[in-house]
Amino acid sequence: MLKDIIKLLKNKTNVDEFKITETVTTSTELFFIKDELNLSRGKDVTHINLTVYRNFEIEGKKLKGSSTTKISPTMSIEEISDKVDNASLSASFVNNEYYDLVEQTDDIPKEIKSKFSEGNVIEHISNLVKDLFSEENSVVGASINSCEFFINQKHIRIVNSNGLDVEYKSYSGQIELITEAKSETEEVELFEVLDFSDYNTSWIKKSVKQALIKTKLRAEATPLKKIKDIPVILTGEAVSTFFSYYAAKTSAQLVYQGISQSKIGDMIQTGDIIGDKVTGSSIPEMENSTYSRYYDSDGYFLKEVPMIKEGKLLRYLANKRFADYLNIEPTGAMRNIVIEGGSKSIQELKKGPHLELFNFSDFQMDVLTGNFGGEIRLGMYFDGETSIPITLGSITGNAKKVEQEMYFSKKLQKLNGFIGPKIIKIKNVSMVGN
C-alpha cells in the first residue's frame with residue numbers, strides 16, 4: 001500500500017514533501033484476578049501516519065507548514081487522495097521556520113535483541129505468568145490481588161520524500177500489578193507498573209517481591225508526624241523523575257522556544273556545589289528498555305550523546321528540525337538516559353536521621369521551574385536509632401535549592417529508559433505531616 005500512497009503523493013502538486021510512518025503491531029493481553037485468567041485477547045493492526053509539508057515564502061523568509069493525518073489500510077485511493085488534500089490545506093496555514101527533512105545515511109543499526117522476537121509469544125507470556133505467581137507466597141502477609149499483562153511487537157518503517165527509507169522492530173511489555181495486605185485496622189492495595197522489553201525471569205521475580213514487601217510495609221505504616229530539617233532520600237522512579245529537570249536543560253526545542261536559557265558550556269547545576277555533580281548522557285539502546293531504537297520518529301540515526309559533565313552542559317539534544325533552527329549538529333530524539341553514580345555508598349547515605357521515600361501517589365518535577373513534590377504513600381522514617389514505616393504526608397522542594405548539597409549513591413538502578421543512582425539524598429525539603 002505504501003507504494004500506492006507514495007505514487008499518489010509524487011503526483012500531487014499541492015504536496016512539496018512528505019513523511020510516512022507505517023507501524024504494524026502484534027499485541028497480546030491477559031488479565032488475571034488472583035491467579036485465575038479472567039480475560040485474554042490479541043490483535044494485529046497496521047497504522048499509517050502521513051505528514052504533508054508545504055514550503056513557501058512570506059516577505060522573503062522561507063517557511064514550512066506541516067499537517068499529519070491517519071491513513072487506514074482499508075481506504076481506497078480516492079479516499080486517501082481526499083485525506084492528502086485536506087492535510088495539504090491545513091499545512092498551508094502553518095508558518096513554521098523552514099527546516100530540511102532527514103536524509104538517508106550509510107549507518108547500520110545494531111539489532112535490538114529480545115526473547116519476544118523468538119518462538120511463540122503466548123509461551124513467553126505463560127512463563128511470565130509463572131514467574132510472577134511463583135512469588136505469591138514469598139512475603140508473609142501480602143498477596144497478589146490482580147494483574148494485567150501486555151506484550152507488543154512492532155515493526156516500524158519510515159519513508160520520506162528526501163530519499164529516506166528505514167525500518168526497525170521494537171518490543172514492549174507491561175505488567176499492571178495490584179498487591180494487597182491487611183493490618184489490624186485496614187486493608188491496603190498498592191498499584192505498580194512494570195515496563196520491560198525483554199523476558200528476564202530474575203527481574204520479574206525481584207520486582208514482584210519488592211512490590212509485596214512494600215505493600216506489607218504500607219499496611220504496617222503510621223501517618224507521618226510533623227518533622228522538619230531532616231534529609232530526604234528518594235528511591236526508585238522518583239530518582240528518575242528528579243533527574244528529568246537536568247535532562248530538560250539539554251533540550252534544543254526548549255532553547256529555541258525561549259523557555260530554557262541554557263547555553264553550551266554553562267553550569268546548569270548552580271551555586272557553590274559541595275555535594276555530587278550531575279554527569280549524564282543519552283543512549284539509543286538500553287537493556288530491557290521499551291525506548292530502545294536506533295532511529296527517532298523522523299528517521300534520524302541515533303548514537304550515544306554525552307549531555308552533561310560535572311554539572312556543565314556539553315551538548316543539546318536536538319531532532320533535525322530544531323537542530324536546523326539553532327544551526328547545530330542534530331542528535332536525534334532519545335529517551336534512554338544514563339546518570340553516573342555519586343561519591344557515597346548506600347550505607348553512608350543512610351547514616352543519621354532521615355526520611356526515605358519509596359512510593360508516592362504521584363511524584364512530579366516541573367522541569368522548567370525545578371519545583372518537585374508529591375503525596376507520600378510509603379516511606380521509612382529513621383530517627384537515628386529506629387526505623388518506622390510511614391504513610392500520608394507530602395514533600396515539596398525546588399531543585400535549585402537542593403542541588404548545592406545533594407548526594408548520589410555509587411550503586412546504580414535500572415528502570416525503563418533510565419540508569420542512574422539507586423538513591424539520592426537531598427536537604428532543604430519541606431514536609432507536611434499529621
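Go through region 128-136 residue by residue and turn each phi into a ³J(HN,Hα) via Karplus (6.51, -1.76, 1.60, θ = phi - 60°); whole Hz please, and just put x for glycine and proline.
Running phi through 6.51 cos²θ - 1.76 cosθ + 1.60 with θ = phi - 60° gives 4, 4, 4, 4, 4, 6, 5, 9, 3 Hz.
Round to a whole angstrom and tell me the spacing of the C-alpha centers of region 56-74 and region 199-241.
One Cα centre to the other: 47 Å.
Looking only at trypsin sites (Lys or Arg not before Pro) in DSSP loops with at most 13 other Cβ atoms within 10 Å, what is the longest site-free stretch of the chain?
After excluding every exposed loop site, the longest remaining stretch is 111-224.
Pick out which of I390, I20, I259 has the largest mean-square fluctuation in a Gaussian network model of the chain, springs linking Cα atoms closer than 10 Å.
I259
So, R0 is 25 Å and r is the distance between the beta-carbons of K401 and Q347; what FRET efficiency does that work out to, to 0.05?
0.40
Report P(r) for region 316-393: all Cα-Cα distances, bin width 5 Å, range 0 to the bin holding the largest distance, values in whole percent.
For region 316-393, the pair-distance distribution reads 3, 12, 12, 12, 17, 14, 9, 7, 7, 5, 2, 0.
Just to be sure I understand: with springs between alpha-carbon atoms less than 10 Å apart, which residue in I308, I108, I423 has the highest mean-square fluctuation in the Gaussian network model of the chain?
Result: I108 has the largest fluctuation of those listed.
Placing one identical point scatterer on every Cα of region 222-432 and ignoring solvent, what is log10 I(q)/I(0) from the Debye formula at q = 0.10 Å⁻¹?
Here the Debye-derived log intensity ratios amount to -0.45.
Counting only DSSP beta bridges with both residues in the chain, what percent are antiparallel, rounded to the nearest 5?
Of the beta bridges lying entirely in the chain, close to 95 percent run antiparallel.
Calculate the radius of gyration of the Cα atoms of region 15-218 to one decimal place, then report Dmax, the largest Cα-Cα distance, as a whole number, both in Å.
For region 15-218, the Cα-based Rg and Dmax read 23.8, 75 Å.
Between K182 and S27, what is the FRET efficiency for a Förster distance of 30 Å, r being their Cβ-Cβ separation, to the nearest 0.05?
Computed FRET efficiency for K182 and S27: 0.30.
Amide H neighbours of I424 under 5 Å, counting only residues 5+ apart in sequence or on other chains, H built in-plane at 1.01 Å?
Counting only residues 5 or more places away or on other chains, the set is L234.
What percent do you get for the relative contact order of region 222-432 when only Cα pairs under 8 Å and 6+ apart count?
Once divided by the residue count of region 222-432, the mean separation gives 29 percent.
With mean projected area of the Cα convex hull in nm² in mind, check [x] 29.2; [y] 20.8; [z] 24.2 and report the label derived from this structure.
[z]
Kindly flag which residue pairs out of K309/K344; K344/K422; K115/K209 have an alpha-carbon separation exceeding 21 Å in this structure.
Flagged as over cut-off: K115/K209.
Rule-based calculations on the coordinates, nothing more; no lab input. If you're wondering where the values come from, they're calculated on a predicted model, not measured in any experiment. When we count neighbours, we look across all protein chains shown, and the Cβ atoms used for this are built from the backbone with ideal geometry, even at glycine.
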